[in-house]
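Scroll down for the structure; my scribbles are underneath it.
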Amino acid sequence: MEAQTPVPPKRVAKACDACKLRKVKCNGQERCQQCAHLNLRCVYTVSAKQRVQYGKRGHLISEYKSKTQHATVNAPTILPVPASPSIGHASPYGMVEQDPLSSTVPLVLYGQSFFLNLIPDYMEGVYPVQPVITENELRQWIPHMDADQEIRSFVYAFAACTLNLTRYGDKRTDEILHTIETLMNRSIETLRPPMANFRSSVMRAMQSMFIHNCLMSMQASDAAFHYIRDSISAIQLLRIDCADYMDPLPPHERSRRQRLYWQAYIHERFVAILDFREAILQPLETLPEDDPTIPLSVHEGFNQIIKLFRLLDTEFLQNWLNSKSQTSSVTCAWVEAKSRELEGDAAEMDSVALSTMQRADLVITREWLRTIVWRLAMSQALLSSRTSKECLSLLFPVRLSQSLRQQVTSMSREDIEVHGSSIVQKLFEITDTIADVLIHVPAATLEETALRIEDFLFILDFVIIFPTLDQTRRSILLGKLERLQAQFPEIYSAGSSPNLPVDVQSPPPSGDPWAMVTQSKIGPDGFTDPAGIENYLPIIVPQQPPPQPQLDSRVHPRVAYNDVSRRLSMANFATG
């Protein structure tokens, strides 16, 4: 019996539009295998056009998407990172085509389910600190995003901000960062410029606020400043500070718009301190009205953060911007008054029931503001090591490090990271100030030095690993750690004996003031000099030194000093 010749597969006379554009094999079925696999709408047009050249793929895929934009497509939870800068790249969810108008923003069909699934994360991690856009509004808008460009542009920004604030730690992968940037860029690209018939809205103001939030995390300070000002422009057009415009609104809408106004005020004041910029938005006369439609804890927590930032009034900002000039109006009385206001807010905060996330924001913001006030006092030479007033003490940041260490040990890292890059910037400012004091203001005793170093290393270890801490600030902190390590070189002795006289010890580095201070406190007799750095006098070596103390009855100063040195030398942190 002769073997039958295999029948070649039947050639498909016509491929569907999606397969034709992607130049892949189509099986010609009513819903072809490729479209079924990628969950695309399978369309066979009657057109007799010839096959297009490869270079026109971007234009055609855009046309195809516009024709099928009302189709329901299940999008990936994140956008995969392109492996190469080719025209397109494969992903587990299908072919992601490169936008012909942008080399960095790929096009992908995000389905409505992708955005709806982000709402619980938004309500948990974004809404409590930015309580403006409600869950109901999101659920009403998302189904209409395919047909309305303004809604679509806003939803992109909502998704980008939600991912930015709720994906931290191990969840903040390169793919997540790429998705955040992609969504943010799509929001910017689809944001319509104000035309002659432009009408401002709460949605438009919050869209720019969300974009600002993402850009701040990307360290794009100029672009971030542009969008906070864009948000403020939209808010000013709403006339929230005018009773004639606000009184006709329902009470809950008035309260919501007042929260929007204060939200922009807080963001702008923070940028003014961080980047030394002018602020234009003046505070409202009152806090937001009570709103029974939002949780009480959200209302109370938001009011507390408003009260903190109200301290950054016009005089405060002018003093900060002019801190290096002679025009500053900072006085001891002004510093004391601001410090009392901050202490009063701390007492009020303890009496309010807040979530751990809200408390973390308030605690760190308050300590950051106390640091800013102290730095203003330092800029005008108002500090002293002998004052009884903590806010005017040279050692205030050292004491701050002790209280901050106690505070952060009662918080989870998630409660802090959810506030994004702003809270990390505040922690950096605090840690950097503490490091400066440790470097330039020696402690009176080695025991106090050891305690300072332990507190500083704890705070540094806590801050340095935040993924939103940029490389420049990370390098600054590590550089100051290296300075501290250099100021505490280990004192070596033959046979590792701490009882040998000073003249056989390894000499300290020449010209090192810390080495001189160390020798003044240890002394050739092995006793600690009880005098502080301000009472330092040259040591006169006696002809007959007293007997050495017993090491089992007290800790030898040289041993204590070497313990500090080794503790610093063991503090090695990743630089990436």
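At a glance:
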| item | result |
| --- | --- |
| Spherically averaged projected area in nm², based on the convex hull that wraps the Cα atoms of segment 363-466 | 6.5 |
| Cleavage-rule hits, chymotrypsin sites (Phe, Trp or Tyr not before Pro), segment 268-340, DSSP coil, Cβ neighbours within 10 Å at most 16 | PHE276 |
| Mean Cβ count within 10 Å, highest first, over the residues of peptides 138-148, 201-211 | 201-211, 138-148 |
| Length gained when the stretch LEU284-VAL441 is fully extended (0.36 nm per residue, less Cα-Cα span) | 52.3 nm |
| Protection proxy ranking, peptides 434-440, 418-424, average beta carbon neighbours within 10 Å, highest first | 418-424, 434-440 |
| Label-point separation in nm, GLN33 to MET570, each point 7 Å along Cα→Cβ | 6.2 |
| Solvent-accessible area per residue, Å², over segment 127-274 with all protein chains present [probe radius 1.4 Å] | 40 |
| Once the Cα gyration tensor of segment 127-274 is diagonalised, semi-axes √(5λ) in Å | 25, 18, 15 |
| Greater than 29 Å apart at Cα, pairs in LYS171/LYS307; LYS23/LYS171; LYS426/LYS480; LYS171/LYS426 | LYS171/LYS307; LYS23/LYS171 |
| Accessible carbon and sulfur surface of segment 234-324 relative to its total accessible area, %, 1.4 Å | 51 |
| Relative contact order (percent, whole number), segment 127-274, Cα cutoff 8 Å, 6+ residue spacing | 24 |
| Dipole magnitude of segment 127-274 about its Cα centre (Cβ charges: Lys, Arg +1; Asp, Glu -1), debye to nearest 20 | 220 |
| Label-point separation in nm, GLN149 to ARG199, each point 7 Å along Cα→Cβ | 1.8 |
| Under the Karplus curve 6.51 cos²θ - 1.76 cosθ + 1.60, θ = phi - 60°, whole-Hz ³J(HN,Hα) for segment 17-32, x wherever Gly or Pro sits | 4, 5, 5, 5, 5, 8, 6, 10, 6, 10, 8, x, 6, 4, 10, 5 |
| Whole-angstrom gap from segment 378-433 to segment 211-271, using each part's C-alpha centre | 28 |
| Karplus (6.51, -1.76, 1.60) ³J(HN,Hα), θ = phi - 60°, over segment 234-244, in Hz, Gly and Pro reported as x | 5, 5, 5, 5, 7, 6, 5, 8, 10, 5, 4 |
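The values are calculated or read from the model by the stated rules, or taken from the named source; none is laboratory data. Since the model is a prediction, treat every value here as computed from it, not as a measurement. Methodologically, a virtual Cβ is constructed for each residue, glycine included, from the backbone with ideal geometry; neighbour enumeration extends over all protein chains shown. All accessible areas refer to the heavy atoms of the entire protein, side chains included, with ligands and DNA or RNA removed. Shrake-Rupley method; radii C 1.70, N 1.55, O 1.52, S 1.80 Å.
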